[in-house]
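Report on one structure; see the data block that follows.
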Amino acid sequence: MKKRSIFLATALLLALSMVLAACGGGKDEGGGDGEGGADKPKFMSIVTGGTGGTYYPLGGSFAEIISDATGIDTNAEVSGASAENMNTLKDGNAEIAFSQTDIASYAQEGKLMFEGAAVDNVSAVGTLYPETIQIVTTAKSGIKSVEDLKGKKVSIGAPGSGTAANAEQILEVHGIKLDDIQKQDLSFDESTAGIQDGNIDAAFVTAGTPTGAVEGLSATEDVVIVPIEQDKIDALIEKYPYYVQDEVPSGTYKLAEAVPTVAVQAMLVVSNDLSEDVVYDVTKAIFENLDKVTHAKGKMIKAENAVKGTGIELHPGAKKYFDEKGFKAE
């Protein structure tokens, strides 16, 4: 009887140890990759921008590249772009986001639209390409200068967006307040549709050129990009150093000649909840598969430039990748 009891106790202990091992193994299998272990998520979201901008199609390419290279099911989602994206990461509702460099800096420092609500759980993957500020109108509007925007119906972008901040700063250096225009808060698609329908006169669009929504408008209208004069460009850069001088090239939107303007930079940011191994793999996947990016902006993205002007610290995983390649943050 005593032997039988010992046998049953041993059998129960063995069964219990097998169950515990299976539970532990299931956790590793569901979340591990051999390097990141249980830190590797099964799914990630990339929040982008509106369908008429550059972020969304570019994000679609990145999502596919990341999914194929890392095995993490990754999806690109439409959003209100930079400012909304930073808050989405702050709230833990996405893992990767597009942002303008200026907006990422505001978010981390708790300035402007982030006053009293700083975003402190986000780091940079790297910068991507110039985000050109385009003041879009048509020849029939008669608008030829920024000063001509006074009294007109002008979209400054989605509420709280980076475009809205750019618009306000550009108007400011021209001595124009938001009260001086009939302000509209529209997405890029809504803005160009409004111009085409005659419901608004002009729109600010901060995006890589060519921008899909503006290209669509140029198919039916004579698009005009309002120039920013050199003295105003200089004044803007002096006050807000994250701007750089830029232009919309001739031929874009059927323009007869290049139009002077300014730009910030597009960047990728990630939640600090992602492990060093996962962000290293994501960074490597993107910057070593740029030939798979279908959007024209893919040709402008280079690993050696990604560490320049991020405005916020690189995530340790991204830094590890760029350090291996010999590209040091500036």
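The values are calculated or read from the model by the stated rules, or taken from the named source; none is laboratory data. Please read these numbers as outputs of a predicted model, since none were measured by experiment. Heads up, the Cβs are rebuilt from the backbone with ideal geometry, glycines too, and the neighbour counts pull from every protein chain shown. Quick note on the areas: whole protein, heavy atoms, side chains included, nothing else; ligands and nucleic acids left out. Shrake-Rupley method; radii C 1.70, N 1.55, O 1.52, S 1.80 Å.
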Looking at (1) open to solvent by less than 20 Å² (accessible area, probe 1.4 Å); (2) at pLDDT below 95; (3) assigned to a helix (DSSP H, G or I); (4) under 24 Å from VAL173 (Cα atoms), find the lone condition where ALA263 falls short. (3)
Looking only at the stretch 43-89, filter to residues that are surrounded by fewer than 19 Cβ atoms within 10 Å (Cβ to Cβ) and of a type in the set (Ser, Thr, Tyr); which one of those is modelled with the lowest pLDDT? THR51
Determine whether the stretch 118-135 contains at least one residue that is open to solvent by 50 Å² or more (accessible area, probe 1.4 Å) and acidic (Asp, Glu). yes
Quick one: how many residues across the stretch 117-152 are over 30 Å from SER275 (Cα atoms) and part of a strand (DSSP E or B)? 7
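Kindly indicate whether THR209 is assigned to a loop (DSSP other than H, G, I, E, B), of a type outside the set (A, V, I, L, M), outside the structural domain of PHE98 (by the TED database) and open to solvent by less than 40 Å² (accessible area, probe 1.4 Å).
Working: assigned to a loop (DSSP other than H, G, I, E, B): yes; of a type outside the set (A, V, I, L, M): yes; outside the structural domain of PHE98 (by the TED database): yes; open to solvent by less than 40 Å² (accessible area, probe 1.4 Å): yes.
Yes; evaluated as a whole, the condition is true for this residue.
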Every listed condition ((1) outside the structural domain of ASP120 (by the TED database); (2) modelled with pLDDT of 95 or more) holds for LYS239 save (2)
So, in the stretch 168-190, how many residues would count as being free of Cβ contacts under 8 Å to residues at least 60 places away in the same chain and either in contact with a Ser or Thr (Cβ under 8 Å, 6 or more places away or on another chain) or in a strand (DSSP E or B) (or both)? 6
Determine the pairs where a residue that is touching a residue at least 60 places away in the same chain (Cβ under 8 Å) and over 17 Å from PHE43 (Cβ atoms), located within the stretch 74-85, has a partner that is open to solvent by 60 Å² or more (accessible area, probe 1.4 Å) and not acidic (Asp, Glu) with Cβ atoms under 8 Å apart, the partner being 6 or more residues away or on another chain. GLY80/PRO159; ALA83/MET113
Look through the stretch 272-321, keep the residues that are in a loop (DSSP other than H, G, I, E, B) and under 18 Å from PRO41 (Cα atoms), and return whichever of them is most open to solvent (accessible area, probe 1.4 Å). ASP273
Restricting attention to the stretch 88-116, report how many residues are in contact with a helix residue (DSSP H, G or I) (Cβ under 6 Å, 6 or more places away or on another chain) and in a loop (DSSP other than H, G, I, E, B). 1
Somewhere in the stretch 141-156, is a residue buried (at least 20 other Cβ atoms within 10 Å of the Cβ) and under 27 Å from LYS328 (Cα atoms)? no
Could you tell me whether the stretch 177-196 includes any residue that is modelled with pLDDT under 95, over 19 Å from LYS297 (Cβ atoms) and of a type in the set (Phe, Trp, Tyr)? no
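Residues checked against (1) within 29 Å of PRO249 (Cα to Cα); (2) among the polar types (S, T, N, Q):
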{"site": "ASP73", "(1), (2)": "no, no"}
{"site": "THR88", "(1), (2)": "no, yes"}
{"site": "LYS111", "(1), (2)": "no, no"}
{"site": "ALA118", "(1), (2)": "no, no"}
{"site": "PRO130", "(1), (2)": "yes, no"}
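Given the residues GLU330, GLU324, GLU257, which is the only one that is part of a loop (DSSP other than H, G, I, E, B), open to solvent by 80 Å² or more (accessible area, probe 1.4 Å) and at pLDDT 95 or above? So that I can check it myself, show each step before the final result.
Values: GLU330 fails: at pLDDT 95 or above; GLU324 fails: part of a loop (DSSP other than H, G, I, E, B).
Of GLU330, GLU324, GLU257, the one residue that is part of a loop (DSSP other than H, G, I, E, B), open to solvent by 80 Å² or more (accessible area, probe 1.4 Å) and at pLDDT 95 or above is GLU257.
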Determine, yes or no, whether ILE228 is open to solvent by 40 Å² or more (accessible area, probe 1.4 Å) and aliphatic (A, V, I, L, M). no
